[in-house]
1. Given (1) in a strand (DSSP E or B); (2) open to solvent by less than 50 Å² (accessible area, probe 1.4 Å); (3) in contact with a Leu (Cβ under 6 Å, 6 or more places away or on another chain), where does Tyr3 come up short, assuming only one miss?
2. Please enumerate the residues belonging to region 186-195 that are open to solvent by 30 Å² or more (accessible area, probe 1.4 Å) and within 20 Å of the chain's Cα centre (by Cα).
3. Tally the residues that are of a type outside the set (Phe, Trp, Tyr), part of a strand (DSSP E or B) and either closer than 28 Å to Leu61 by Cα or within 25 Å of the chain's Cα centre (by Cα) (or both), restricting the search to region 97-139.
4. Mind checking whether some residue in region 338-361 is within 23 Å of Gln84 (Cα to Cα) and among the small types (Gly, Ala, Ser)?
5. Only one of these is open to solvent by less than 20 Å² (accessible area, probe 1.4 Å), within 19 Å of the chain's Cα centre (by Cα) and in contact (Cβ under 8 Å) with a residue 60 or more places away in the chain: Ala231, Ala248. Name it.
6. Kindly indicate whether any position in region 144-162 is acidic (Asp, Glu), modelled with pLDDT of 95 or more, part of a strand (DSSP E or B) and under 15 Å from the mean Cα position of the chain (by Cα).
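The values are calculated or read from the model by the stated rules, or taken from the named source; none is laboratory data. All figures in this text were calculated on a predicted structure; none of them were measured in a lab. With ideal geometry, Cβ positions are generated from the backbone for all residues, glycine too; neighbour counts draw on all protein chains shown. Ligands, DNA and RNA are excluded from the accessible area calculation, which covers all protein heavy atoms including side chains. Shrake-Rupley method; radii C 1.70, N 1.55, O 1.52, S 1.80 Å.
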Amino acid sequence: MRYDVLIIGAGPVGNYLANLLAKDYSVAVVEKKNSFGGKACTGIIGSENYERLNLPKEAILNELYGATFYSRIQSFSIGRKSPQAYLVDRKTLERELAKRAMKKGADYFMSTTFKGFKNGKAILQHLGEVYEVRANFYVGADGVNSTVAKAIEAKTKAEFLIGYEVEVLGEFNEKAVEVWVNKEITPDFFAWVAPIDGETARVGTFGSIEDLNRFLRLRRLEPTRILEFKAGSIGLGWRKPWIKGNVALLGDAALQVKPTTAGGIVYGMLCAQALKKALLEWRPEKYWNYCSWVRKQVSFGLKFRKLFLGLNQEEIEKIFEILGSEDAKEVIETQADFDDHLRTAKAILKRPKLLAKLIRVSPALIKALL
Ligand SMILES: Cc1cc2nc3c(=O)[nH]c(=O)nc-3n(C[C@H](O)[C@H](O)[C@H](O)COP(=O)(O)OP(=O)(O)OC[C@H]3O[C@@H](n4cnc5c(N)ncnc54)[C@H](O)[C@@H]3O)c2cc1C
(Lines give C-alpha, C1' and ligand atoms only; values in the text may rest on other atoms or scores of the structure.)
Protein backbone atom coordinates (compact mmCIF):
# COMPACT_ATOMS: atom_id res chain seq x y z
CA MET A 1 0.00 0.00 0.00
CA ARG A 2 1.32 3.47 -0.84
CA TYR A 3 -0.40 6.83 -0.39
CA ASP A 4 0.52 10.43 -1.10
CA VAL A 5 -0.54 11.45 2.41
CA LEU A 6 -1.18 9.34 5.52
CA ILE A 7 -3.05 11.19 8.27
CA ILE A 8 -2.77 9.71 11.75
CA GLY A 9 -5.84 10.52 13.85
CA ALA A 10 -9.45 10.99 12.74
CA GLY A 11 -10.38 13.76 15.16
CA PRO A 12 -11.99 16.94 13.80
CA VAL A 13 -8.68 18.30 12.52
CA GLY A 14 -7.42 15.12 10.84
CA ASN A 15 -10.80 14.65 9.13
CA TYR A 16 -10.87 18.26 8.04
CA LEU A 17 -7.42 17.92 6.46
CA ALA A 18 -8.49 14.70 4.72
CA ASN A 19 -11.32 16.74 3.15
CA LEU A 20 -8.95 19.40 1.97
CA LEU A 21 -6.49 16.97 0.40
CA ALA A 22 -8.61 14.09 -0.92
CA LYS A 23 -9.28 15.68 -4.32
CA ASP A 24 -5.63 16.33 -5.15
CA TYR A 25 -3.91 13.40 -3.44
CA SER A 26 -4.42 9.78 -2.51
CA VAL A 27 -5.15 10.07 1.22
CA ALA A 28 -5.46 7.53 4.02
CA VAL A 29 -6.58 8.22 7.57
CA VAL A 30 -5.87 5.86 10.45
CA GLU A 31 -7.79 6.06 13.71
CA LYS A 32 -7.10 3.97 16.79
CA LYS A 33 -10.67 4.09 18.11
CA ASN A 34 -13.43 1.98 16.60
CA SER A 35 -15.79 4.95 16.20
CA PHE A 36 -15.73 8.75 15.96
CA GLY A 37 -16.14 11.19 18.84
CA GLY A 38 -15.99 10.51 22.54
CA LYS A 39 -13.31 13.05 23.46
CA ALA A 40 -13.88 15.39 26.39
CA CYS A 41 -14.73 18.65 24.65
CA THR A 42 -17.39 21.29 25.23
CA GLY A 43 -17.75 21.68 21.48
CA ILE A 44 -18.00 25.47 21.29
CA ILE A 45 -16.91 26.80 17.89
CA GLY A 46 -17.10 30.44 16.76
CA SER A 47 -19.94 30.83 14.26
CA GLU A 48 -17.99 32.99 11.81
CA ASN A 49 -15.26 30.39 11.37
CA TYR A 50 -17.83 27.59 11.44
CA GLU A 51 -19.39 29.05 8.28
CA ARG A 52 -16.07 30.01 6.74
CA LEU A 53 -14.68 26.50 7.21
CA ASN A 54 -17.95 25.05 5.88
CA LEU A 55 -18.41 22.72 8.84
CA PRO A 56 -21.45 20.42 8.89
CA LYS A 57 -24.67 22.05 10.07
CA GLU A 58 -25.94 18.65 11.28
CA ALA A 59 -23.50 18.83 14.21
CA ILE A 60 -24.96 22.05 15.68
CA LEU A 61 -26.88 21.44 18.93
CA ASN A 62 -27.34 25.05 20.03
CA GLU A 63 -26.70 28.63 18.91
CA LEU A 64 -25.07 30.95 21.44
CA TYR A 65 -25.67 34.68 21.22
CA GLY A 66 -23.64 35.97 24.14
CA ALA A 67 -21.97 35.36 27.46
CA THR A 68 -22.38 36.29 31.10
CA PHE A 69 -19.15 36.75 33.02
CA TYR A 70 -19.10 36.17 36.78
CA SER A 71 -16.34 36.96 39.25
CA ARG A 72 -16.66 36.33 42.99
CA ILE A 73 -18.88 39.38 43.55
CA GLN A 74 -19.87 40.82 40.15
CA SER A 75 -21.28 39.88 36.80
CA PHE A 76 -21.92 41.45 33.42
CA SER A 77 -23.42 40.21 30.17
CA ILE A 78 -22.59 40.80 26.55
CA GLY A 79 -24.67 39.74 23.61
CA ARG A 80 -25.37 40.22 19.95
CA LYS A 81 -28.37 39.78 17.70
CA SER A 82 -26.81 36.95 15.69
CA PRO A 83 -25.22 33.72 17.00
CA GLN A 84 -21.57 34.19 17.99
CA ALA A 85 -20.79 30.54 18.54
CA TYR A 86 -22.28 27.10 18.11
CA LEU A 87 -22.32 24.24 20.55
CA VAL A 88 -21.71 21.09 18.56
CA ASP A 89 -21.92 17.35 18.92
CA ARG A 90 -18.36 16.13 18.42
CA LYS A 91 -19.33 12.68 17.19
CA THR A 92 -21.56 14.10 14.45
CA LEU A 93 -18.93 16.71 13.52
CA GLU A 94 -16.22 14.06 13.12
CA ARG A 95 -18.46 11.50 11.34
CA GLU A 96 -19.81 14.04 8.86
CA LEU A 97 -16.33 15.35 8.03
CA ALA A 98 -15.10 11.76 7.61
CA LYS A 99 -18.07 10.93 5.34
CA ARG A 100 -17.30 13.93 3.16
CA ALA A 101 -13.62 12.93 2.94
CA MET A 102 -14.52 9.32 2.09
CA LYS A 103 -16.83 10.54 -0.69
CA LYS A 104 -13.90 12.52 -2.10
CA GLY A 105 -11.81 9.33 -2.13
CA ALA A 106 -9.99 9.21 1.21
CA ASP A 107 -9.48 5.70 2.66
CA TYR A 108 -10.25 5.27 6.36
CA PHE A 109 -8.78 2.59 8.60
CA MET A 110 -10.59 2.48 11.94
CA SER A 111 -9.33 0.54 14.99
CA THR A 112 -5.86 1.07 13.57
CA THR A 113 -3.08 2.42 15.76
CA PHE A 114 0.06 4.14 14.54
CA LYS A 115 3.03 2.69 16.45
CA GLY A 116 5.99 4.53 14.92
CA PHE A 117 8.13 4.89 11.80
CA LYS A 118 10.57 2.31 10.42
CA ASN A 119 12.62 2.79 7.28
CA GLY A 120 10.39 5.64 6.11
CA LYS A 121 7.20 3.60 6.57
CA ALA A 122 4.44 3.89 9.17
CA ILE A 123 4.00 0.85 11.41
CA LEU A 124 0.29 0.28 12.01
CA GLN A 125 -1.55 -2.20 14.18
CA HIS A 126 -5.08 -3.38 13.49
CA LEU A 127 -6.59 -5.88 15.95
CA GLY A 128 -3.29 -7.56 16.72
CA GLU A 129 -2.04 -7.55 13.14
CA VAL A 130 1.00 -5.32 12.53
CA TYR A 131 1.75 -4.04 9.05
CA GLU A 132 3.56 -1.20 7.25
CA VAL A 133 2.27 1.56 5.01
CA ARG A 134 4.40 3.90 2.96
CA ALA A 135 3.34 7.46 2.17
CA ASN A 136 5.12 10.40 0.60
CA PHE A 137 3.97 12.60 3.48
CA TYR A 138 2.75 11.86 7.02
CA VAL A 139 0.58 14.06 9.25
CA GLY A 140 0.31 13.53 12.99
CA ALA A 141 -3.19 14.73 13.86
CA ASP A 142 -3.24 12.33 16.78
CA GLY A 143 -4.06 14.70 19.61
CA VAL A 144 -2.30 16.10 22.64
CA ASN A 145 -0.46 12.86 23.54
CA SER A 146 0.74 12.49 19.96
CA THR A 147 2.75 9.36 19.17
CA VAL A 148 3.86 11.00 15.93
CA ALA A 149 5.32 13.92 17.91
CA LYS A 150 7.30 11.42 19.98
CA ALA A 151 8.43 9.61 16.83
CA ILE A 152 9.90 12.81 15.36
CA GLU A 153 11.28 13.83 18.77
CA ALA A 154 9.29 17.06 18.95
CA LYS A 155 10.02 18.92 22.17
CA THR A 156 7.70 20.84 24.48
CA LYS A 157 7.77 22.86 27.69
CA ALA A 158 4.02 23.45 27.53
CA GLU A 159 1.65 23.59 30.46
CA PHE A 160 -0.54 20.48 30.38
CA LEU A 161 -3.88 20.69 32.12
CA ILE A 162 -6.63 18.17 32.72
CA GLY A 163 -10.15 19.33 31.94
CA TYR A 164 -13.12 17.88 33.81
CA GLU A 165 -16.55 18.28 32.32
CA VAL A 166 -20.07 17.06 33.06
CA GLU A 167 -23.32 17.20 31.16
CA VAL A 168 -25.83 18.10 33.84
CA LEU A 169 -29.49 18.96 34.30
CA GLY A 170 -30.35 22.37 35.73
CA GLU A 171 -31.81 25.71 34.74
CA PHE A 172 -29.89 27.65 32.11
CA ASN A 173 -30.21 30.61 29.81
CA GLU A 174 -30.07 28.59 26.61
CA LYS A 175 -28.72 31.45 24.50
CA ALA A 176 -25.67 32.43 26.56
CA VAL A 177 -22.53 30.83 27.94
CA GLU A 178 -21.54 31.48 31.55
CA VAL A 179 -17.87 32.20 32.29
CA TRP A 180 -16.89 32.17 35.98
CA VAL A 181 -13.56 33.68 36.97
CA ASN A 182 -13.11 32.97 40.66
CA LYS A 183 -9.70 31.81 41.81
CA GLU A 184 -11.08 30.72 45.18
CA ILE A 185 -13.18 28.10 43.38
CA THR A 186 -11.20 27.23 40.24
CA PRO A 187 -7.64 28.59 40.70
CA ASP A 188 -6.12 27.32 37.43
CA PHE A 189 -8.73 28.32 34.87
CA PHE A 190 -12.19 29.79 34.51
CA ALA A 191 -15.22 27.53 34.86
CA TRP A 192 -17.80 27.41 32.07
CA VAL A 193 -21.47 26.58 31.68
CA ALA A 194 -22.34 25.93 28.04
CA PRO A 195 -26.07 25.30 27.54
CA ILE A 196 -27.28 22.63 25.14
CA ASP A 197 -30.82 23.84 25.88
CA GLY A 198 -32.69 25.43 28.79
CA GLU A 199 -32.29 22.36 31.03
CA THR A 200 -29.01 20.71 30.00
CA ALA A 201 -25.50 22.15 29.93
CA ARG A 202 -21.87 21.15 29.64
CA VAL A 203 -20.11 22.41 32.74
CA GLY A 204 -16.40 22.19 33.26
CA THR A 205 -13.03 23.59 34.20
CA PHE A 206 -9.34 22.76 33.92
CA GLY A 207 -7.46 21.88 37.08
CA SER A 208 -8.68 19.19 39.44
CA ILE A 209 -11.90 17.28 39.99
CA GLU A 210 -12.20 19.07 43.37
CA ASP A 211 -12.27 22.40 41.49
CA LEU A 212 -15.17 21.18 39.37
CA ASN A 213 -17.03 19.81 42.40
CA ARG A 214 -16.58 23.15 44.23
CA PHE A 215 -17.93 24.95 41.19
CA LEU A 216 -20.94 22.63 40.84
CA ARG A 217 -21.79 23.40 44.48
CA LEU A 218 -21.40 27.17 43.93
CA ARG A 219 -23.59 27.01 40.82
CA ARG A 220 -26.08 24.84 42.72
CA LEU A 221 -25.93 21.97 40.24
CA GLU A 222 -26.74 18.57 41.71
CA PRO A 223 -24.16 15.76 41.53
CA THR A 224 -27.11 13.38 41.21
CA ARG A 225 -28.29 15.09 37.99
CA ILE A 226 -25.16 14.39 35.96
CA LEU A 227 -25.82 12.68 32.63
CA GLU A 228 -22.22 12.29 31.53
CA PHE A 229 -18.73 12.83 32.93
CA LYS A 230 -15.59 13.27 30.85
CA ALA A 231 -11.96 14.23 31.41
CA GLY A 232 -9.26 15.10 28.91
CA SER A 233 -5.97 16.96 28.58
CA ILE A 234 -4.93 20.06 26.78
CA GLY A 235 -1.47 21.52 26.20
CA LEU A 236 -0.91 25.27 26.35
CA GLY A 237 2.39 26.23 24.77
CA TRP A 238 4.60 25.10 21.92
CA ARG A 239 5.56 21.67 20.73
CA LYS A 240 8.17 21.95 18.01
CA PRO A 241 9.00 21.36 15.26
CA TRP A 242 5.65 21.40 13.49
CA ILE A 243 7.36 19.88 10.48
CA LYS A 244 10.37 17.59 10.18
CA GLY A 245 11.25 16.17 6.76
CA ASN A 246 8.09 14.60 5.39
CA VAL A 247 6.21 14.54 8.72
CA ALA A 248 4.00 17.38 10.00
CA LEU A 249 2.16 17.80 13.30
CA LEU A 250 -1.33 19.29 13.20
CA GLY A 251 -4.06 20.30 15.66
CA ASP A 252 -3.58 19.31 19.31
CA ALA A 253 -0.55 17.22 18.32
CA ALA A 254 1.18 20.56 17.57
CA LEU A 255 -0.62 22.28 20.49
CA GLN A 256 -2.43 24.62 18.07
CA VAL A 257 -4.75 25.70 20.88
CA LYS A 258 -5.97 29.05 22.24
CA PRO A 259 -4.23 29.44 25.61
CA THR A 260 -7.00 31.83 26.68
CA THR A 261 -9.91 29.37 26.36
CA ALA A 262 -8.30 26.00 25.45
CA GLY A 263 -10.29 25.92 22.20
CA GLY A 264 -8.36 24.04 19.53
CA ILE A 265 -10.73 23.00 16.75
CA VAL A 266 -10.62 26.18 14.67
CA TYR A 267 -6.87 26.83 15.05
CA GLY A 268 -6.14 23.22 14.05
CA MET A 269 -8.33 23.58 10.97
CA LEU A 270 -6.77 26.91 9.98
CA CYS A 271 -3.36 25.23 10.20
CA ALA A 272 -4.74 22.36 8.07
CA GLN A 273 -5.46 24.98 5.39
CA ALA A 274 -1.90 26.27 5.75
CA LEU A 275 -0.54 22.73 5.39
CA LYS A 276 -2.63 22.14 2.27
CA LYS A 277 -1.24 25.33 0.72
CA ALA A 278 2.34 24.31 1.52
CA LEU A 279 1.81 20.80 0.11
CA LEU A 280 0.16 22.03 -3.09
CA GLU A 281 3.14 24.31 -3.67
CA TRP A 282 5.48 21.35 -2.99
CA ARG A 283 7.09 23.45 -0.28
CA PRO A 284 6.07 21.64 2.93
CA GLU A 285 8.72 23.57 4.87
CA LYS A 286 6.51 26.69 4.38
CA TYR A 287 3.83 25.17 6.66
CA TRP A 288 5.21 26.92 9.76
CA ASN A 289 5.26 30.30 7.94
CA TYR A 290 1.73 29.84 6.60
CA CYS A 291 0.46 29.30 10.15
CA SER A 292 1.66 32.78 11.18
CA TRP A 293 -1.82 34.05 12.16
CA VAL A 294 -2.37 31.10 14.50
CA ARG A 295 1.16 31.42 15.89
CA LYS A 296 0.58 35.11 16.71
CA GLN A 297 -2.64 34.22 18.52
CA VAL A 298 -0.90 31.46 20.49
CA SER A 299 1.95 33.83 21.46
CA PHE A 300 -0.54 36.43 22.64
CA GLY A 301 -2.61 33.81 24.47
CA LEU A 302 0.45 32.51 26.31
CA LYS A 303 1.29 36.02 27.57
CA PHE A 304 -2.31 36.46 28.67
CA ARG A 305 -2.26 33.07 30.42
CA LYS A 306 0.93 33.97 32.33
CA LEU A 307 -0.66 37.22 33.47
CA PHE A 308 -3.88 35.50 34.47
CA LEU A 309 -1.93 33.07 36.65
CA GLY A 310 -0.19 36.02 38.35
CA LEU A 311 -3.40 37.92 39.18
CA ASN A 312 -5.08 37.59 42.55
CA GLN A 313 -8.87 37.67 42.97
CA GLU A 314 -8.85 41.31 44.14
CA GLU A 315 -7.15 42.33 40.87
CA ILE A 316 -9.63 40.21 38.91
CA GLU A 317 -12.48 42.06 40.66
CA LYS A 318 -10.99 45.40 39.57
CA ILE A 319 -10.63 44.19 35.98
CA PHE A 320 -14.24 43.01 36.05
CA GLU A 321 -15.33 46.46 37.19
CA ILE A 322 -13.61 47.95 34.14
CA LEU A 323 -14.76 45.34 31.62
CA GLY A 324 -18.32 45.51 32.94
CA SER A 325 -18.50 49.28 32.31
CA GLU A 326 -20.71 50.48 29.45
CA ASP A 327 -17.66 51.76 27.57
CA ALA A 328 -15.91 48.36 27.64
CA LYS A 329 -19.07 46.39 26.95
CA GLU A 330 -19.69 48.47 23.86
CA VAL A 331 -16.19 47.64 22.56
CA ILE A 332 -16.59 43.95 23.34
CA GLU A 333 -20.04 43.77 21.77
CA THR A 334 -19.02 45.51 18.59
CA GLN A 335 -15.42 44.44 18.11
CA ALA A 336 -14.67 41.25 20.04
CA ASP A 337 -13.90 38.26 17.90
CA PHE A 338 -14.44 34.71 19.12
CA ASP A 339 -11.18 33.42 17.70
CA ASP A 340 -9.10 36.58 17.29
CA HIS A 341 -8.33 37.46 20.91
CA LEU A 342 -5.42 39.66 19.90
CA ARG A 343 -7.81 41.94 17.98
CA THR A 344 -10.22 41.98 20.91
CA ALA A 345 -7.49 43.04 23.36
CA LYS A 346 -6.22 45.71 20.95
CA ALA A 347 -9.72 47.16 20.56
CA ILE A 348 -10.07 47.51 24.34
CA LEU A 349 -6.61 49.01 24.80
CA LYS A 350 -7.27 51.56 22.04
CA ARG A 351 -9.81 53.30 24.30
CA PRO A 352 -7.73 55.78 26.36
CA LYS A 353 -10.12 55.71 29.34
CA LEU A 354 -10.10 51.91 29.55
CA LEU A 355 -6.36 51.79 29.02
CA ALA A 356 -5.73 54.26 31.85
CA LYS A 357 -7.95 52.30 34.24
CA LEU A 358 -6.36 48.96 33.35
CA ILE A 359 -2.84 50.37 33.80
CA ARG A 360 -3.81 51.37 37.33
CA VAL A 361 -4.88 47.81 38.16
CA SER A 362 -1.93 46.03 36.61
CA PRO A 363 0.81 47.94 34.79
CA ALA A 364 2.54 44.60 34.09
CA LEU A 365 -0.56 43.30 32.34
CA ILE A 366 -0.80 46.25 30.02
CA LYS A 367 2.94 46.36 29.36
CA ALA A 368 2.92 42.70 28.35
CA LEU A 369 -0.20 43.05 26.18
CA LEU A 370 1.07 46.16 24.44
C1 LIG B 1 -12.47 19.56 28.62
C2 LIG B 1 -12.15 20.10 27.25
C3 LIG B 1 -13.01 21.02 26.65
C4 LIG B 1 -12.71 21.53 25.37
N5 LIG B 1 -13.59 22.38 24.78
C6 LIG B 1 -13.33 22.87 23.55
C7 LIG B 1 -14.25 23.73 22.90
O8 LIG B 1 -15.32 24.04 23.43
N9 LIG B 1 -13.95 24.19 21.65
C10 LIG B 1 -12.77 23.85 21.02
O11 LIG B 1 -12.50 24.32 19.90
N12 LIG B 1 -11.89 23.03 21.62
C13 LIG B 1 -12.14 22.52 22.86
N14 LIG B 1 -11.26 21.67 23.44
C15 LIG B 1 -10.04 21.31 22.71
C16 LIG B 1 -10.40 20.32 21.60
O17 LIG B 1 -10.99 19.17 22.15
C18 LIG B 1 -9.15 19.95 20.80
O19 LIG B 1 -8.46 21.11 20.45
C20 LIG B 1 -9.54 19.17 19.55
O21 LIG B 1 -10.10 17.94 19.90
C22 LIG B 1 -8.31 18.95 18.67
O23 LIG B 1 -8.65 18.11 17.60
P24 LIG B 1 -7.57 17.14 16.97
O25 LIG B 1 -8.25 16.50 15.82
O26 LIG B 1 -6.30 17.86 16.78
O27 LIG B 1 -7.26 16.07 18.13
P28 LIG B 1 -8.23 15.02 18.81
O29 LIG B 1 -9.61 15.50 18.85
O30 LIG B 1 -7.57 14.65 20.10
O31 LIG B 1 -8.18 13.78 17.82
C32 LIG B 1 -7.04 12.96 17.71
C33 LIG B 1 -7.47 11.61 17.15
O34 LIG B 1 -6.30 10.82 16.97
C35 LIG B 1 -6.56 9.50 17.42
N36 LIG B 1 -5.27 8.91 17.80
C37 LIG B 1 -4.48 9.21 18.85
N38 LIG B 1 -3.36 8.47 18.83
C39 LIG B 1 -3.43 7.68 17.73
C40 LIG B 1 -2.57 6.68 17.17
N41 LIG B 1 -1.40 6.37 17.72
N42 LIG B 1 -2.97 6.05 16.04
C43 LIG B 1 -4.16 6.36 15.45
N44 LIG B 1 -5.02 7.29 15.94
C45 LIG B 1 -4.65 7.94 17.06
C46 LIG B 1 -7.48 9.70 18.63
O47 LIG B 1 -8.19 8.53 18.94
C48 LIG B 1 -8.37 10.84 18.14
O49 LIG B 1 -9.50 10.38 17.45
C50 LIG B 1 -11.52 21.13 24.70
C51 LIG B 1 -10.66 20.21 25.31
C52 LIG B 1 -10.97 19.69 26.56
C53 LIG B 1 -10.02 18.70 27.19
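1. Here Tyr3 clears every test but (3).
2. Asp188, Phe190
3. First, the residues of region 97-139 that are of a type outside the set (Phe, Trp, Tyr): 97-107, 110-113, 115-116, 118-130, 132-136, 139.
Now drop any that are not part of a strand (DSSP E or B), which leaves 107, 112-113, 115-116, 118, 121-126, 129-130, 132-136, 139.
With either closer than 28 Å to Leu61 by Cα or within 25 Å of the chain's Cα centre (by Cα) (or both) added as a condition, the list becomes 112-113, 139.
Result for region 97-139: 3.
4. yes
5. Details: Ala231 fails: open to solvent by less than 20 Å² (accessible area, probe 1.4 Å).
The unique qualifying residue is Ala248.
6. To start, the set of residues in region 144-162 that are acidic (Asp, Glu) comprises 153, 159.
Imposing the further condition that a residue be modelled with pLDDT of 95 or more reduces the set to 153, 159.
After this cut, where a residue has to be part of a strand (DSSP E or B) as well, the list is 159.
Adding the requirement that they be under 15 Å from the mean Cα position of the chain (by Cα) leaves 159.
Yes; the residues of region 144-162 include at least one that is acidic (Asp, Glu), modelled with pLDDT of 95 or more, part of a strand (DSSP E or B) and under 15 Å from the mean Cα position of the chain (by Cα).
A quick yes/no check of all residues on (1) part of a helix (DSSP H, G or I); (2) β-branched (Val, Ile, Thr); (3) more than 26 Å from Leu218 (Cβ to Cβ):
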position	(1), (2), (3)
Cys41	no, no, no
Tyr50	yes, no, yes
Asn54	no, no, yes
Glu63	no, no, yes
Ala67	no, no, no
Arg95	yes, no, yes
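For every residue, the table says whether it meets (1) more than 16 Å from the ligand (Cβ to nearest atom); (2) at pLDDT 95 or above; (3) within 17 Å of the chain's Cα centre (by Cα); (4) over 23 Å from Ala336 (Cβ atoms).
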position	(1), (2), (3), (4)
Lys23	yes, yes, no, yes
Gly38	no, no, yes, yes
Gly46	no, yes, yes, no
Leu55	no, yes, yes, no
Asn62	no, yes, no, no
Ala85	no, yes, yes, no
